[in-house]
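Reviewing the structure listed below.
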Amino acid sequence: MVLTPGAYLRHRREAALLSIGAVADMFQTQPRWSELERIDWLQRIECDVEQPTFRTLVALRGCFSFDLDVLGDLVAIAHGEAVEAPRLCRICACSERDACVDHHGTCSWVDQDLCTACATPEPPQPGDPVVANDAKPVELEERARAA
């Protein structure tokens, strides 16, 4: 699955269980924008109408987890460059470089485009961490032994 850069950011925000309004509340702008202006701005980024600046990406990473290398690959693909598409979960858009971390550990793959965190019947709960992890994904057998 190849996402646009904005769709990738939206998937990662949603995986962190954050509404666009909650992310807008975390932003400070100069000059000060209203909440509606910040929401509209974030929606334009997620719809690929407006390209985020590096400063905006740094601020977004303070709100929720996403991988800058994956985002860079998606930007290159959107510009027609011959870059191999990153493997992403169809639900949360995690990747091998930005695996989900939940109470079970680090996710792995159950299908070409589905991670174990999204394949489990337990819905994520507010407060469950969904953060980037530098470790390699845990294999299913290791997770089963740990449980």
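What follows is calculated from the coordinates using simple rules that are stated; it is not laboratory data. Computed from a predicted structure; not experimentally measured. Don't worry about glycine lacking a Cβ; one is built from the backbone with ideal geometry, like all the others, and counts go over all protein chains shown.
Values as computed for the structure displayed
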| item | result |
| --- | --- |
| Ordering of 83-90, 49-56, 3-10 by packing [mean C-beta count within 10 Å, highest first] | 3-10, 83-90, 49-56 |
| ALA76 paired with ILE91, simple spin-label distance in nm, labels 7 Å along Cα-to-beta-carbon | 3.0 nm |
| Sequence-distant residues sharing a close amide H with ASP48 (under 5 Å, placed H) | GLY6 |
| Computed FRET value (nearest 0.05) for ASP113 with GLU37, which takes r as the C-beta separation and R₀ as 25 Å | 0.10 |
| Contour excess over end-to-end distance, with Cα ends at CYS47 and GLN30 and 0.36 nm allotted per residue | 3.8 nm |
| Cα-based shape type of region 54-100, given that a ≥ b ≥ c are square roots of the gyration tensor eigenvalues and the cut on a/c is 1.5 | oblate |
